[in-house]
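Questions regarding the structure given below will be posed in turn.
The values are calculated or read from the model by the stated rules, or taken from the named source; none is laboratory data. Note that the structure is a prediction, hence the values are computed from the model and not measured. All Cβ positions, glycine included, derive from the backbone under ideal geometry; neighbour counts span all protein chains shown.
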Amino acid sequence: MKLRNINRISTAVLCCLFFAGSAAFAQKITFTPQWTAQAQFAGYYVAQEMGFYKEAGIEVDIVHPTITQTAYNLIRSGQSQLTTIQLCQAMELINDGVPLVNVLQTSMNNALVIVSKEDKNPLEQKGIRVGTWSSGFDQIAICMALKERLDYQWFRVASCINLFVAGAFDATLAMSYNEYYLLKQSGVKLTDKNVYRFCDHDYNVQEDGVYTTRSYYETHKDEVHRFAEASKRGWEWAAEHPEETLDIVMKYVKKDNIATNRTLQKLMLEEILRLQVDRESGQREFRLKPEMVKLANRLMLDNQILLNEVTYEQLTAH
Amino acid sequence: MQFFRVSLTRSLTLFVALMATAVFLVALAFMFAQSRHAVRQEAMSNANQLLDNSLQRINAILERTEAATNNTLWLVKRHLDTPDSMFVYSRGIVESNPFLNGCSIAFEPYYFEDKGLYFSAYSGMSEDKIETRQEGNDEYVYFYMDWYALSKLLDHAAWTEPYINIDTYEDNVKKEEVYTIVSYCVPIKDPEGNFVGAIATDLSLDWLSNTISAVKPYPNSYSVMISRNGTFFVHPDPSKLLYESIFTETLEKDDPERMEIGLAMVNGEEGVHKAKVDGEHCYIFYKPIGNTGFSAAIVCPEKDIFSNLNRLRNSVIAIFLAGMLLMLFILDRIIRRQLKPLKSLAAQTETIAAGEFDKSLPNVGRVDEIGRLYQSFSNMQQSLVNYIEEMKITTAANASMENELKVASNIQMSMVPRIFPAFPEREDIDLYACMTPAKDVGGDLYDFFIENECLYFCIGDVSGKGVPASLFMAVTRNIFRIIAQQSYSPEIIASKINHTLSADNDQEMFVTMFIGQIDLASGKMDFCNCGHNPPVVHIPGRSAAFLPVKNVNAPLGIMDSLCFKGETIADIRGWQILFYTDGLNEAENPDFELFGNDRLLATMDRLENCSSAETIKKLQEAVEKHRAGAAPSDDLTLLCLKLK
């Protein structure tokens with residue numbers, strides 16, 4: 001029931017993005033990261049602060065979602081044209097009828113982990129209460145739980161950390177660049193036993209990418225490509241200048257009064273940059289891999305999260 | 001170190017100073033260890049007391065919040081059929097409890113069918129007014145929030161983590177109010193016991209921060225409060241509030257100390273830890289806050305706690321150092337004064353050592369050890385003076401005796417013929433002799449003279465050495481000269497000498513002697529060997545050899561009435577004959593090896609064509625070489641004769 005609600009909300013968000021995108025002809029591009037300001041979006045901040053977007057001949061406005069101005073609101077009001085989405089989430093939306101186009105793939109590895117209480121292996125506990133995000137990002141975990149017949153009880157909340165620490169959950173989903181360190185910062189002992197990393201167990205599906213609606217893409221191909229190239233440049237610069245990048249990230253963090261600290265952002269940046277390196281090539285490839293799309297399709301079709309296959313061609317700009 | 005070694009005053013002063021310092025340091029260390037323990041106990045008690053007082057006030061507010069919420073719960077449960085009454089209850093709780101910031105009474109999605117997905121009756125303070133509204137919507141999905149999920153999942157009342165609340169309201173001008181709150185949430189259950197919603201009352205943490213921040217037992221101490229997951233929600237550094245946790249610093253660098261304190265605090269323990277905070281050693285006193293799962297701590301820098309004690313320690317050390325300097329000065333003066341007589345005594349000793357033995361010592365007028373030392377030294381000086389006087393007399397006596405011995409030696413030497421060539425008018429006689437006593441005077445003798453174309457000669461060795469032997473030698477030589485001049489044969493000469501020496505020979509001394517008589521015209525030699533070494537004969541064309549002696553008689557002087565037999569060699573012309581005493585063949589080197597008969601014969605072989613003087617000189621050199629610096633053990637007398 002709850003999962004369906006989330007899907008509905010997400011579909012509505014992206015529908016609005018689609019329509020707003022179709023109507024927009026302005027040269028200015030509004031980019032909305034999927035979360036509040038943090039090092040997860042460092043490459044975009046760098047591209048903005050270092051003038052890479054301007055050099056590319058585009059004017060980019062980075063607008064973060066807030067409680068009152070969520071990404072949904074920004075897109076609905078036509079103020080945002082580009083956003084970041086995880087691959088599985090994008091495929092689900094396309095399957096629900098929202099034509100999205102991946103214009104830049106940044107993640108090459110999966111960051112999802114399950115953390116259970118100390119000395120407990122999450123895969124050895126059936127029927128436990130597992131916290132997940134109200135905003136999704138958990139398709140792969142659901143697939144794994146179904147496949148392994150773990151019979152998890154999923155609970156969607158805005159933030160899992162406090163509830164897990166308070167003992168309300170037996171386990172929680174976490175991103176290796178964010179909640180993982182938040183849990184450590186909460187005094188939770190993390191070991192190989194109580195942390196399950198999906199990327200190490202045949203679930204290494206790519207995550208973050210920049211998406212727009214196909215209609216916006218068709219009418220603004222040039223701007224979108226220039227945004228993608230400048231963003232890529234921003235990420236490469238970030239990888240070469242982590243300390244300066246961190247300064248830029250902290251500027252955005254402080255501006256939005258985000259409850260975080262430099263240490264957490266530093267660790268997040270390191271992990272995000274690590275996740276951008278392809279395991280096989282050892283390179284920062286910035287491309288969606290067809291085999292990843294196939295893997296995601298197989299997992300989600302098998303577990304009926306997707307009703308129809310979403311092809312690589314459907315996802316990519318061509 | 002030499003600086004102290006050369007002065008007793010300095011070394012004594014140093015020793016006393018070191019001992020005093022050691023005793024003082026031990027006493028000081030003990031005292032301060034005890035004091036530190038006492039101060040620490042006092043600080044712990046003080047900090048705990050202050051923390052307790054503050055926590056009591058905080059707990060009172062928290063308990064009032066819990067009571068207000070619980071008191072409303074029964075009303076809510078009683079009127080679950082009238083959703084709009086929830087607005088009245090949420091408003092009522094805020095109205096009745098001005099310390100609360102707001103109250104939400106929220107329900108599960110679609111619990112009230114006519115209210116739809118969201119129904120949460122919220123009342124909150126907004127610019128001194130209470131605003132009541134339904135707060136759930138697509139932008140604020142309350143059932144995803146901690147306060148709602150916590151009570152639902154835990155199935156009991158609980159406090160949320162502190163969080164930043166942003167109230168946005170419009171009153172001509174759009175305003176935003178940001179503050180930190182914590183919510184107490186209680187599950188609402190229907191009569192069947194099913195979870196249907198939650199009540200959450202919000203409490204601003206600003207007052208709590210002010211209350212706990214006021215706890216300041218020491219000037220630089222401060223208070224912190226952390227939530228269940230370690231997040232700081234009270235901290236003197238605003239940049240850490242809700243942004244950092246007590247574990248943040250452990251993310252990049254292992255810090256077991258901080259980890260231990262953090263875990264103890266989040267686990268609701270009470271205690272005290274010593275740890276390094278921002279590079280400074282601090283004592284951290286911590287206690288849990290009611291049922292919240294939160295923990296409060298007072299961080300007291302160690303230097304603050306022990307500042308008075310440290311000041312006292314520094315003052316004591318300063319006083320000690322000043323006292324030590326004064327003590328060293330006074331000690332130096334006292335020891336100097338006490339040891340002054342010793343210094344004077346040392347100077348006097350120097351004078352006495354320089355030879356002024358009669359220099360009198362001053363009276364120090366003391367009866368202690370130094371006085372006794374002075375007295376002893378004075379006695380020693382007197383004894384020294386007496387001893388030296390005796391030494392002078394003895395030395396003089398020795399010198400006199402030495403002189404006399406020298407005279408005696410000269411006399412003894414003058415008793416034997418020492419002028420060579422002995423018979424310058426006769427070319428047929430090549431005779432050379434020498435006598436070297438082992439001491440000033442010796443017991444060897446030799447003599448020769450011509451009487452009636454006969455050469456009479458003798459060589460002898462008196463038993464013993466030194467003056468007695470020399471006197472016996474002198475007597476023997478004189479008797480030989482007197483008797484031999486009467487032209488007796490050698491055996492008669494020997495017999496008469498023996499008779500004379502044996503008479504009144506109380507000392508039982510004796511003399512070995514070789515007595516010879518050579519007819520210079522025919523070369524015939526008569527001789528009588530009285531216990532003496534056989535002479536070495538070097539006949540031309542042959543090797544040197546000992547003269548075979550058939551009749552070896554007893555030494556002279558042993559007893560009267562002995563019979564002496566003589567022997568004759570028909571012609572000794574052309575022979576080289578060496579007569580000697582045992583100082584030659586028994587000369588010892590430092591390893592006590594004898595010169596020996598073999599070496600003697602070998603040496604003589606090499607001297608075949610040498611004159612008598614040369615032969616004796618070479619033999620002396622050979623003996624000297626053999627002794628290799630060793631003192632002569634016996635008198636050495638050599639007589640070499642060659643007739644042409």
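Mind checking which residues of region B:604-642 are touching a Lys or Arg at 6+ places or on another chain (Cβ under 8 Å), buried (at least 20 other Cβ atoms within 10 Å of the Cβ) and farther than 19 Å from residue B:435 by Cβ?
Selection gives B:607 alone.
Within region A:118-137, work out how many residues are within 14 Å of chain B (Cβ to nearest Cβ) and basic (Lys, Arg).
1
Can you say whether residue B:136 is within 14 Å of chain A (Cβ to nearest Cβ), of a type outside the set (Lys, Arg) and loosely packed, with under 14 Cβ neighbours inside 10 Å, as far as the supplied structure shows?
Numbers: within 14 Å of chain A (Cβ to nearest Cβ): yes; of a type outside the set (Lys, Arg): yes; loosely packed, with under 14 Cβ neighbours inside 10 Å: no.
Spelling it out, it is not the case that residue B:136 is within 14 Å of chain A (Cβ to nearest Cβ), of a type outside the set (Lys, Arg) and loosely packed, with under 14 Cβ neighbours inside 10 Å.
OK, next. With respect to residue B:509, determine if the residue is touching a residue at least 40 places away in the same chain (Cβ under 8 Å) and under 20 Å from residue B:449 (Cα atoms). Talk me through it step by step, then tell me what you get.
Details: touching a residue at least 40 places away in the same chain (Cβ under 8 Å): yes; under 20 Å from residue B:449 (Cα atoms): no.
The answer is no for residue B:509.
Among the residues that make up region B:482-491, is at least one of them surrounded by fewer than 16 Cβ atoms within 10 Å (Cβ to Cβ), over 60 Å from the mean Cα position of the chain (by Cα) and aromatic (Phe, Trp, Tyr)?
No, because not a single residue in region B:482-491 is surrounded by fewer than 16 Cβ atoms within 10 Å (Cβ to Cβ), over 60 Å from the mean Cα position of the chain (by Cα) and aromatic (Phe, Trp, Tyr).
Can you pull out the residues in region B:231-240 that are free of Cβ contacts under 8 Å to residues at least 60 places away in the same chain and among the hydrophobic types (A, V, I, L, M, F, W, C)?
B:232 - this is the single residue of region B:231-240 that is free of Cβ contacts under 8 Å to residues at least 60 places away in the same chain and among the hydrophobic types (A, V, I, L, M, F, W, C).
Please tell me if residue B:39 is within 18 Å of residue B:96 (Cβ to Cβ), in contact with a helix residue (DSSP H, G or I) (Cβ under 8 Å, 6 or more places away or on another chain), of a type in the set (Val, Ile, Thr) and assigned to a helix (DSSP H, G or I).
Values: within 18 Å of residue B:96 (Cβ to Cβ): no; in contact with a helix residue (DSSP H, G or I) (Cβ under 8 Å, 6 or more places away or on another chain): yes; of a type in the set (Val, Ile, Thr): yes; assigned to a helix (DSSP H, G or I): yes.
In short, no.
So if I check each of B:47, B:17, B:22, B:29, which one is assigned to a helix (DSSP H, G or I), farther than 30 Å from residue B:196 by Cα and more than 31 Å from the chain's Cα centre (by Cα)?
B:47
In region B:29-64, what residues are within 30 Å of residue B:331 (Cα to Cα) and either in contact with a strand residue (DSSP E or B) (Cβ under 9 Å, 6 or more places away or on another chain) or surrounded by 16 or more Cβ atoms within 10 Å (Cβ to Cβ) (or both)?
Scanning region B:29-64 gives a single hit, B:32.
Residue under question is residue A:269, and the condition is that it be within 18 Å of the chain's Cα centre (by Cα), at pLDDT 95 or above and within 14 Å of chain B (Cβ to nearest Cβ); does it hold?
On the way: within 18 Å of the chain's Cα centre (by Cα): yes; at pLDDT 95 or above: yes; within 14 Å of chain B (Cβ to nearest Cβ): yes.
Here the answer is yes, as residue A:269 does meet what is asked.
Out of curiosity, is residue B:260 surrounded by fewer than 20 Cβ atoms within 10 Å (Cβ to Cβ), modelled with pLDDT of 90 or more and within 22 Å of residue A:162 (Cα to Cα)? Let's see the steps before the verdict.
Working: surrounded by fewer than 20 Cβ atoms within 10 Å (Cβ to Cβ): yes; modelled with pLDDT of 90 or more: yes; within 22 Å of residue A:162 (Cα to Cα): yes.
Answer is yes for this residue.
Still on this structure: Which count do you get for residues in region A:227-266 that are modelled with pLDDT under 95 and touching a Gly at 6+ places or on another chain (Cβ under 8 Å)?
The total comes to 0.
Here's the yes/no breakdown for (1) away from chain A (no Cβ under 14 Å); (2) aromatic (Phe, Trp, Tyr); (3) closer than 30 Å to residue B:152 by Cα:
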| residue | (1), (2), (3) |
| --- | --- |
| B:195 | no, yes, yes |
| B:204 | yes, no, yes |
| B:219 | yes, no, no |
| B:238 | no, no, no |
| B:256 | no, no, no |
| B:266 | no, no, yes |
| B:269 | no, no, yes |
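Of the conditions (1) within 14 Å of chain A (Cβ to nearest Cβ); (2) in contact (Cβ under 8 Å) with a residue 60 or more places away in the chain; (3) in a helix (DSSP H, G or I); (4) not charged (D, E, K, R), residue B:320 satisfies every one except a single condition; which number is it?
(1)
List the strands (runs of 3 or more DSSP E) that sit entirely inside region A:138-244 and contain at least 2 residues that are within 14 Å of chain B (Cβ to nearest Cβ) and among the aliphatic types (A, V, I, L, M).
A:171-175
Among the residues of region A:44-61, which ones are touching a residue at least 40 places away in the same chain (Cβ under 8 Å) and loosely packed, with under 14 Cβ neighbours inside 10 Å?
Keep residues of region A:44-61 that are touching a residue at least 40 places away in the same chain (Cβ under 8 Å), which gives A:44-50, A:52-53, A:55-58, A:60.
Those that are touching a residue at least 40 places away in the same chain (Cβ under 8 Å) and loosely packed, with under 14 Cβ neighbours inside 10 Å: A:55, A:57.
Among what's in region B:510-538 and is of a type in the set (Val, Ile, Thr) and under 18 Å from residue B:586 (Cβ atoms), pick the residue that is surrounded by the fewest Cβ atoms within 10 Å (Cβ to Cβ).
B:512
Restricting the search to region A:284-305, which residues are closer than 17 Å to residue A:199 by Cα and exposed (fewer than 13 other Cβ atoms within 10 Å of the Cβ)?
Scanning region A:284-305 gives a single hit, A:291.
Name every residue in region B:72-84 that is crowded, with 17+ Cβ neighbours inside 10 Å and without any contact (Cβ under 8 Å) to a residue 40 or more places away in the chain, in order of residue number. Step through it out loud before you land on a result.
Quick first cut of region B:72-84, residues crowded, with 17+ Cβ neighbours inside 10 Å only: B:72-73, B:76, B:80, B:83.
Residue satisfying the conditions is B:83 alone.
One line per residue, one yes/no per condition, for (1) free of Cβ contacts under 8 Å to residues at least 12 places away in the same chain; (2) in a loop (DSSP other than H, G, I, E, B); (3) closer than 18 Å to residue B:301 by Cβ:
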{"site": "B:220", "(1), (2), (3)": "no, yes, yes"}
{"site": "B:223", "(1), (2), (3)": "no, no, yes"}
{"site": "B:229", "(1), (2), (3)": "no, yes, no"}
{"site": "B:242", "(1), (2), (3)": "no, yes, no"}
{"site": "B:254", "(1), (2), (3)": "yes, yes, no"}
{"site": "B:257", "(1), (2), (3)": "no, no, yes"}
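Could you please find all residues in region B:440-467 being free of Cβ contacts under 8 Å to residues at least 60 places away in the same chain and more than 16 Å from residue B:422 (Cβ to Cβ)?
B:440, B:441, B:452, B:462, B:464, B:466
Restricting attention to region A:245-266, and to residues there that are more than 14 Å from chain B (Cβ to nearest Cβ) and hydroxyl-bearing (Ser, Thr, Tyr), which single residue is surrounded by the most Cβ atoms within 10 Å (Cβ to Cβ)?
A:245
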